[in-house]
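K.L.:
Below is one structure. I have some questions about it.
The values are calculated or read from the model by the stated rules, or taken from the named source; none is laboratory data. Worth saying up front: this structure is predicted, and the values here are computed from it rather than measured. We place every Cβ from the backbone using ideal geometry, glycine too, and count neighbours over all the protein chains shown.
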Amino acid sequence: MVQDWGDFSKVLSHLASIAVAKGDFRATERYALETMRLMERSHYPWGGFRALQALACTAAWRGLQEEAEQTLERIIEPGYLFKSPSHFEHVVVRVFRQLTLAYLSERGTESITLLADELMGVVQYDTYSLAPLCAMVELAEQHLNPVIAERPAAMLAEAVERGVLLTSGWCFLIPRVLGVAAMLREEWEQAADHFLHAIRVATQINALPELARACADFVQLAYFYDSLYDERILAIMERAKSIFSELEMLPHAQLAFKLQEFIFNSLQDIPETETNADHTYEPRPPTRNGTKAIE
């Protein structure tokens, strides 16, 4: 039994991280609030740092921008977690603010190039650095800038080699993020391998939000870069949409619906000679070396 308030707060913050990874947002809030109560007794900040990130993540995933912003602001409020928050905490919060805006397809308020340089100046090979590194890769994707993703992806790849697959606090499945980075570099086969790895891992550990995101990323890769749009790909898209809707991850659900609509409209434009006798579409041969079809 843990008797130290600081250690107990760390345990609860990890439970909050596990809950957000599984899509149990009510449990995330419960564990996070318990973490903060114990943090107030122990004055040990790092459990609170992790727990508040988990709360902000669930808000951002559901499109609750104001709630996410308020939660992030508490991280850098002087005297709340830290007597005087360091540059690291400030940069991490700024990165997540930009990501929250990106989820809502809103224009960012900072130069991502400059922010990426600042982030790389403060991160280390520790668990607290992994989530902002993943966030920076996703921001690089939003800005279609593979250069920004290079250094974060290299550090994340090393983490995977050491056996780390999930971030704590703000949740990312690292193999999926590496797939995003590979897709930015137009390394289609490597991106497909990462996404399929992410789908397998997320399925095994029941990490529903990242499973849905990995499925949507794989569909995007399969369709836009390899012209694959057979029934298996569409089934994967339906799986992603179902999870997004069930968890009320509205920004991601909207993007998934738009992607599916785009694919469906494209299929309607295919000449009848490209369909089989049952009027189902055969997958076209890949136009580039890349996406592997789901077995």
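K.L.:
For segment 127-145, name all the residues that are farther than 18 Å from Glu110 by Cβ and free of Cβ contacts under 8 Å to residues at least 40 places away in the same chain.
P.N.:
The answer is Ser129, and nothing else.
K.L.:
Can we say Tyr225 is assigned to a helix (DSSP H, G or I), touching a helix residue (DSSP H, G or I) at 6+ places or on another chain (Cβ under 6 Å) and at pLDDT below 95?
P.N.:
Taking the combined requirement at face value, the residue satisfies it.
K.L.:
Restrict the check to segment 116-128 and report whether at least one residue is in the same structural domain as Ser13 (by TED's automatic domain parsing) and closer than 19 Å to Met36 by Cβ.
P.N.:
yes
K.L.:
Which residues, counting only those in segment 221-256, are within 23 Å of Leu165 (Cα to Cα) and under 15 Å from the mean Cα position of the chain (by Cα)?
P.N.:
Ala240, Ile243, Phe244, Leu247, Met249, His252
K.L.:
Touching a helix residue (DSSP H, G or I) at 6+ places or on another chain (Cβ under 9 Å), buried (at least 18 other Cβ atoms within 10 Å of the Cβ) and under 20 Å from Leu211 (Cβ atoms): does that describe Ala51?
P.N.:
no
K.L.:
For Arg232, indicate whether it is over 18 Å from Ala102 (Cβ atoms) and modelled with pLDDT under 90.
P.N.:
yes
K.L.:
Moving on. Report the residue count in segment 54-83 for those that are modelled with pLDDT of 95 or more and loosely packed, with under 15 Cβ neighbours inside 10 Å.
P.N.:
The total comes to 5.
K.L.:
Picking from Arg151, Arg176, which residue would you name as being among the charged types (D, E, K, R), within 21 Å of Ala212 (Cα to Cα) and modelled with pLDDT of 95 or more?
P.N.:
Residue meeting the stated conditions: Arg176.
K.L.:
Related question: For segment 1-26, give me the residue count where each residue is closer than 17 Å to Ile205 by Cα, assigned to a helix (DSSP H, G or I) and either at pLDDT 95 or above or under 16 Å from the mean Cα position of the chain (by Cα) (or both).
P.N.:
The total comes to 9.
K.L.:
Anything in segment 84-129 that is touching a His at 6+ places or on another chain (Cβ under 9 Å) and surrounded by fewer than 15 Cβ atoms within 10 Å (Cβ to Cβ)? List them, or say none.
P.N.:
Hits for segment 84-129 are Thr113, Gly121.
K.L.:
Of all residues in segment 35-80 being free of Cβ contacts under 8 Å to residues at least 24 places away in the same chain and among the acidic types (Asp, Glu), which is nearest to Trp5 (Cα to Cα)?
P.N.:
Top of the filtered list is Glu40.
K.L.:
Separate question: With respect to Val177, is the statement that it is in a loop (DSSP other than H, G, I, E, B), among the β-branched types (Val, Ile, Thr) and out of contact with any Phe, Trp or Tyr (no Cβ under 6 Å at 6 or more places or on another chain) true?
P.N.:
It is false that Val177 is in a loop (DSSP other than H, G, I, E, B), among the β-branched types (Val, Ile, Thr) and out of contact with any Phe, Trp or Tyr (no Cβ under 6 Å at 6 or more places or on another chain).
K.L.:
Would you say Leu211 is under 24 Å from Ala253 (Cβ atoms) and either at pLDDT 95 or above or over 14 Å from the mean Cα position of the chain (by Cα) (or both)?
P.N.:
So Leu211 fits the description; yes.
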